[in-house]
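What follows draws every value from the coordinates through simple rules; no lab data is involved. A quick note: this is a predicted structure, and the numbers were derived from the prediction, not measured. Note that we place each Cβ from the backbone using ideal geometry, even for glycine, and neighbour counts take in every protein chain shown.
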Amino acid sequence: MIKLKNIVVCWLLLSAFLTKAQTDTDAIMMGKHSLCIGSIYQYSGWKQYWEGSYKRDNLNMGTISTKSITVMGNYGVSDKINLLLSLPYIQTEPRAGTMAGQKGIQDAAISLKYMPLEKPIGTGTLSLYVLAGITVPVSNYTADYLPLSIGMQSKTALIRLMTDYQIGKWFTTISGTYIKRANVTIDRNAYLTDEIHYTNKVDMPDAVSVNLRLGYRSTRLIAEAVLDNRVTQSGGFDITKNNMPFISNTMNALKYGINTKYTFKKIPELAVVSGCNFIIAGRNVGQSNTFYCGLFYLLNLKKTQQQDEK
C-alpha cells in the first residue's frame, strides 16, 4: 500500500508566488526511492495595484493576466531527505493599451528538504524541517519590463525553517523563509530609484516570508487554509507617481487561500489538486486573484528496480 505521506507531498509541490514555481512549505516527506511528478496550470489576474501604500486602478493596461504551466518533481533520497525540482512556462498579457506581454520559460528551482525531528508530543506529533534551495533563470527574458515581465532574472537562495503539529487528521504548519537575491544586469546604462544610478547593475533587496497553514489531512482528501505574508527587506523603494514598477521595488504582499487535493480510490498513485489565493494587502504589487489545478503521479522507483532485476 502506498504511504499516505508520499501521496500527500505530491499535492504540496505547488507554485505561487510569486511568480516562482516553488512553495515548498509542506510538512510531509516523500519516502525513500519514491518519485512524485506532475504539472500545474495557474491563472492570475489583477486590475488594481498599490503604488507605495496608495491603491489605484491600472487604467493604461486594464487587467493583467498571468498564465503558467509548471512541471514539478520530488524524489525521496531517504525518508529524511527530499530533492525537489520545478520549471515554469509563463505568459503575461494586458487587456488594454499598446504594450505586449511576455512568454517563455522562467527560472529553474531546486531545493533539499531535511526532517531532523519527528516526535510524539501530547496527543499529536511534532515535526521540524529545514529547507535550502536556489533558483536560476534558464532563458533570456527581459526583467526590466514590469508589470509584464515573467520574472526578475535574479538568482536566488533561500533557507526555510518549518514546524508542523498534527492531532488525528488536523494539522497546523508554520514556516519562516529568508530569500537572498543576487544583483541583476539590465539593458540600459542608468535608472532611477530614489536617486539616479549610472550603471546597468541593479542591487536587489532580499525578502522574508511567513506562512501559516491550518487544515485536514487524510488518506483520500486534504484541505487547508493558508495565510502568507511576504515582506521586502531594506534596499527597496516605492513606485514613483504615475510610473512603471521597477525590479528592485519594495514588493510586499499579504494573501490568504485554500488548497485541496483528492486521491483517486481506484488509482491511489494519481491525485488531482486545486486551489486559489487572494492578495488582501500589499505595497507596489497588483491585487491579484489566483486559481490553479493540476495532476500528480507517484512512482515507487525501488519497486520498479526490483521488478526489473527479476
Cα-only Rg/Rh for the chain with Kirkwood Rh rounds to 0.99
In nm, the gap between the two label points placed 7 Å beyond Cα toward Cβ at Ser78 and Asp187 is 4.8
Taking the convex hull of the alpha-carbon atoms of segment 49-125 and averaging its shadow over every direction gives an area in square nanometres of 9.6
The extension gain from Leu161 to Leu301, computed as 0.36 nm times the residue separation minus the Cα-Cα distance, is 47.5 nm
Flagged as over-length at 19 Å C-alpha distance, from Lys103/Lys255; Lys67/Lys261; Lys55/Lys155; Lys80/Lys113, the pairs are Lys103/Lys255; Lys67/Lys261; Lys55/Lys155
Length gained if Thr172 through Ser65 is fully extended, taking 0.36 nm per residue and subtracting the Cα-Cα distance, is 35.3 nm
In debye to the nearest 20, the charge dipole size for the chain, taken about the Cα centre with +1 at each Lys and Arg Cβ and -1 at each Asp and Glu Cβ, equals 920
With Cα springs under 10 Å, the Gaussian network model of the chain assigns the largest mean-square fluctuation among Ile280, Ile267, Ile150 to Ile267
For segment 189-296 the trypsin sites (Lys or Arg not before Pro) that pass both the DSSP coil test and the at-most-15 other-Cβ-within-10 Å test are Arg220, Lys241, Lys265, Lys266
Between the alpha carbon centres of segment 33-63 and segment 147-202 the gap in Å comes to 16
Among Asn243, Asn140, Asn82, the residue with the largest mean-square fluctuation in a Gaussian network model of the chain built from Cα contacts under 10 Å is Asn243
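Of all chymotrypsin sites (Phe, Trp or Tyr not before Pro) in segment 106-199, which ones are in loop regions per DSSP and have a Cβ with at most 15 other Cβ atoms within 10 Å?
For chymotrypsin sites (Phe, Trp or Tyr not before Pro) across segment 106-199 that sit outside H, G, I, E and B with at most 15 neighbouring Cβ atoms in 10 Å, the list reads Tyr198.
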On the formula 1/(1 + (r/R0)^6), with r taken between the Cβ atoms of Tyr216 and Phe291 and R0 of 22 Å, the FRET efficiency rounded to 0.05 is 0.60
